[in-house]
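A.B. asks: This structure is in structure tokens; I'll ask about it shortly.
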Amino acid sequence: MAKKSKAAKKEENKNEKSIGENRKARHEYQILEHLECGIQLTGSEVKSLRDGKLQLAESFAHVVNGEVFLVNCEISPYTNSSEFLNHEARRKRKLLLHKREIIKFALKSEEKGLTLVPLKMYFKQGRAKVLLGIGRGRQMHDKREKLKKDVAKRDIDRAMKRG
């Protein structure tokens, strides 16, 4: 697959507006694969997301009866609407995937030690999308090794820039 130029990547990302990112996920899990999927939301949830009221830190996804749901994702209630029209902050939200994607991607998560982790949520062409990844949990010693490698790589990059 050919690499995209910086201009092409910038053009592609022009229609994307980031809402929130789960930075902790890349530290806690080794991400094996990722997939973009839609999410089923109510009107007040979309308005809250446009205000940036999202917390993905402790959320995960799981398969129930052939459908994938996002659990523990907190979208704060919209402040400018009445309580009657507002949504519940931590409700299950259905992720929109094709059947073949569910079979190929989500059922892999049922293997021992694998989890579906939301990595990022963003608007793409006006629609809310979730970047979902299959992750294998890291042990403490794995986290330390990764941290050492990252620091060493950063030092090498700095040295290369200087001289």
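A.B. asks: If the requirement is being touching a Lys or Arg at 6+ places or on another chain (Cβ under 9 Å) and at pLDDT 80 or above, which of these qualifies: Asn15, Asn22?
C.D. replies: Asn22
A.B. asks: Looking at (1) at pLDDT below 85; (2) open to solvent by less than 100 Å² (accessible area, probe 1.4 Å); (3) closer than 29 Å to Arg136 by Cβ, find the lone condition where Lys3 falls short.
C.D. replies: (2)
The values are calculated or read from the model by the stated rules, or taken from the named source; none is laboratory data. Computed from a predicted model, the values in this text were never measured in an experiment. Virtual Cβ from ideal backbone geometry, glycine too; neighbours counted across all protein chains shown. Only protein heavy atoms, including side chains, enter the accessible area calculation; ligands, DNA and RNA are left aside. Shrake-Rupley method; radii C 1.70, N 1.55, O 1.52, S 1.80 Å.
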